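Notes for the one structure printed next.
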Amino acid sequence: MKISEKRIPNVVVGLTLFWLGIAQAFFWNEPFNIHFIPMWLGSIFVGIFMAKSSSDEFRDLILRRLKYNYELKLPVGDRRAFSNQDRGVVSSLGGVPFFRQAMPCVEQIEKNDLLVHSPPELKPEHFDRLFSDVFSKSGPNTGLERLADRTVRTLCYSKHIKHPAGVDRHGGRSLLTHTLLVTALMLHQAKAYTYDPKRHTPNNPNFKLDPKDPLIPALGFLHDIGKLVKFIVNSNTNAVTIHADHSSESARIASDFPEYWDMDISCEDRLLLQDAISYSWQLNALPIKKSTMARPRPSSDRLYALVDLLSSCDVLASSIEMGAGYDFGVEPVFETVQTLDDINAVNVYEEFLNFATIKADINALNGIKSVGFRYKGMIDGVMMNVIVFDEKKFSEDFSKYLEKPDLNAKEDKRSVITGIVLGELDENGILVRDPKDVGLRPAKDCLYKIVFTAPNSNGTENAIVLSSAFVISLDGVERFATLEKTTNCHAVPSFSNSIYGSKKFKSTGTTILEDVALESLGIKPTGQKKVPVSIATLIKPPPAPNSALTINFIRMGLKNKKIVPTTVQTESSGVLHVVGYNKFFNDLGIKLEESSGGESLSSIGIKSIRRSKKNPDDFIVDLCGDIYGNLNNN
């Protein structure tokens with residue numbers, strides 16, 4: 001227990017005078033002297049005074065630790081005098097023991113301090129107009145304004161102010177500058193926003209987002225604050241890599257702020273803000289109402305609109321940071337920005353993920369026929385974590401799920417929709433081929449006869465056979481987290497043979513029937529979705545086509561040990577030297593020739609290509625360690 005600095009000398013002086021008086025009384029050699037009485041009484045009174053003052057101070061210390069509310073002026077015997085609230089938790093005696101403390105921040109900020117870090121596209125006059133309510137001269141007046149102010153003060157803290165906004169995006173800007181740009185875009189675009197869910201059914205089709213919604217600036221400032229504790233940075237404060245799920249960390253950091261629990265913020269606003277931050281990375285992950293519809297209703301139209309506005313402005317900010325123009329001085333025209341995943345093949349892949357994780361009967365019980373069987377273990381000598389889909393059952397169920405039963409039509413040995421889905425699964429790197437396949441079997445032909453046998457069984461007696469099935473990997477797909485919890489099926493699957501036998505691999509081109517099916521899904525036969533012109537046209541095109549797809553294939557090759565590199569550490573970051581895998585890179589359409597890099601190679605994370613000195617027929621491909629060097633964090 002910490003003792004006040006004043007209490008020790010007070011007690012020492014008081015006790016010294018007291019015992020001096022006692023000693024004088026006992027050892028006085030002279031006859032009684034009346035002058036002794038004042039000295040003796042004085043020592044007694046001084047001791048009593050010193051003891052009382054130190055006791056009062058000690059009592060006050062205890063009351064402060066118990067959070068006694070002096071403003072109420074209630075007696076210490078009244079429990080109401082000790083009622084306190086912190087971060088939404090009320091205690092009747094003493095403080096609440098929170099083990100997470102709010103992140104440090106500066107005491108106050110001035111507008112001029114922020115203008116120094118404001119993005120160049122945001123001129124001072126536009127800054128004043130957009131943030132007039134957020135950074136008013138009188139200071140924050142409402143609970144949400146105080147929360148926004150606390151967030152900005154945290155980003156302005158000395159150890160945070162130069163924190164990078166991203167690894168290879170955002171034009172090398174700081175997190176503070178990027179956050180100011182996104183929030184300014186939200187405030188500017190809000191009055192032009194139109195509520196038009198693409199993958200959900202609105203609760204109220206006529207819902208309109210209030211351009212002055214107080215959650216807009218708070219959401220804009222908070223959405224990326226989790227990056228403060230999710231980045232690995234070097235000595236120059238440059239981001240090297242980022243750990244996953246910074247959105248959830250942003251929500252946790254927000255809840256640590258005392259301002260987040262301000263009584264002026266309603267419970268509805270607090271819950272909406274928490275959900276909006278947590279799911280800001282993907283609209284499709286927003287909470288929904290219980291439904292059997294293919295396009296479910298969001299839990300809140302306002303929540304959907306806020307996240308839609310945020311995600312669109314975040315993508316738009318990235319394009320601006322990479323060189324696209326934007327004028328805050330003109331009237332905004334809002335259109336939802338679609339990412340590459342949204343544009344590919346009418347989102348057949350996204351529909352498949354929703355179907356597999358929500359609607360599909362995986363390892364079903366109680367007499368229900370399973371559409372898929374989850375298994376993690378050794379399959380044909382290879383460790384796998386997969387789901388085996390019964391092609392016939394899948395085709396029927398998935399066509400109904402898409403509300404397009406005609407897609408179940410058979411073509412050759414598979415349905416039309418199965419062929420389309422297999423192509424999407426392969427493009428996203430989760431389609432599993434038979435390890436015994438010789439050569440790269442076309443995705444649409446990856447249908448196999450799968451035999452399920454009892455564990456430790458040496459024969460096929462009592463085996464269960466799927467005459468036509470395809471297999472997907474659960475590894476590396478965050479959306480499959482719920483399926484990871486599914487219990488293993490009791491039988492062990494193994495690849496028997498392809499339903500097409502050992503004949504020469506079929507052409508990968510589309511047939512007339514497939515073209516008709518693609519058109520019914522709103523897809524061009526090339527696999528490109530017909531989309532309206534949107535803000536995405538402002539975004540600079542990627543340096544090379546399908547760069548994200550190529551990167552994904554290389555990453556899967558590294559992860560599955562199809563290519564095995566040698567890592568050499570340089571001053572900045574790792575470089576992976578891949579030697580002698582000519583066929584792997586040729587199959588990806590990468591031209592192997594002596595090259596020191598260039599735009600097309602750098603876009604897929606290749607620094608250079610050169611011939612091996614030991615074997616000139618082999619090429620050495622130098623892969624960028626920032627992209628391929630740490631697969632466990634992606």
Which pairs have Cβ atoms under 9 Å, sit 6 or more apart or on different chains, and link a residue in the range 157-181 that is modelled with pLDDT under 85 to one that is basic (Lys, Arg) and open to solvent by 20 Å² or more (accessible area, probe 1.4 Å)? Pro164/Arg173; Ala165/Arg173; Gly166/Arg173
What number goes with the only condition from (1) surrounded by 17 or more Cβ atoms within 10 Å (Cβ to Cβ); (2) small (Gly, Ala, Ser); (3) at pLDDT 75 or above that Ala536 does not pass? (3)
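Check Leu61, Leu74 and return the single one that is assigned to a loop (DSSP other than H, G, I, E, B), surrounded by 12 or more Cβ atoms within 10 Å (Cβ to Cβ) and modelled with pLDDT of 80 or more. Step through it out loud before you land on a result.
Numbers: Leu61 fails: assigned to a loop (DSSP other than H, G, I, E, B).
Of Leu61, Leu74, the one residue that is assigned to a loop (DSSP other than H, G, I, E, B), surrounded by 12 or more Cβ atoms within 10 Å (Cβ to Cβ) and modelled with pLDDT of 80 or more is Leu74.
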Filter the range 253-294 for residues that are among the hydrophobic types (A, V, I, L, M, F, W, C) and assigned to a loop (DSSP other than H, G, I, E, B); which is surrounded by the fewest Cβ atoms within 10 Å (Cβ to Cβ)? Met263
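From the list Ala364, Ala409, Ala356, Ala324, pick out the single residue that is modelled with pLDDT under 85 and open to solvent by less than 20 Å² (accessible area, probe 1.4 Å).
Checking each option against the conditions leaves just Ala324.
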By residue number, the members of the range 291-307 that are of a type in the set (D, E, K, R) and at pLDDT 75 or above are Arg297, Asp301, Arg302
Within the range 104-134, the residues that are surrounded by 15 or more Cβ atoms within 10 Å (Cβ to Cβ), hydrophobic (A, V, I, L, M, F, W, C) and either over 28 Å from the mean Cα position of the chain (by Cα) or more than 22 Å from Ala254 (Cα to Cα) (or both) are Ile109, Leu122, Phe127, Leu130
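Being open to solvent by less than 50 Å² (accessible area, probe 1.4 Å) and under 22 Å from Arg252 (Cβ atoms) is the filter; apply it to the range 87-103 and report the residue that is modelled with the highest pLDDT. Before you say what the answer is, go through the steps one by one.
Pass one, the range 87-103, residues open to solvent by less than 50 Å² (accessible area, probe 1.4 Å): 87-88, 91, 94-96, 102-103.
Within this subset, residues satisfying the condition of being under 22 Å from Arg252 (Cβ atoms) are 87-88, 91, 95-96, 102-103.
Details: Arg87: 61, Gly88: 61, Ser91: 64, Gly95: 55, Val96: 57, Ala102: 87, Met103: 90.
Out of the qualifying residues, it is Met103.
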All positions within the range 147-189 that are assigned to a loop (DSSP other than H, G, I, E, B) and not β-branched (Val, Ile, Thr): Cys156, Tyr157, Ser158, Lys159, His160, Lys162, His163, Ala165, Gly166, Asp168, Arg169, Arg173
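The values are calculated or read from the model by the stated rules, or taken from the named source; none is laboratory data. Since the structure is predicted, the reported quantities are computational estimates derived from the model, not experimental observations. When we count neighbours, we look across all protein chains shown, and the Cβ atoms used for this are built from the backbone with ideal geometry, even at glycine. Note: accessible area is taken over every heavy atom of the protein model, side chains too, but ligands, DNA and RNA are not part of it. Shrake-Rupley method; radii C 1.70, N 1.55, O 1.52, S 1.80 Å.
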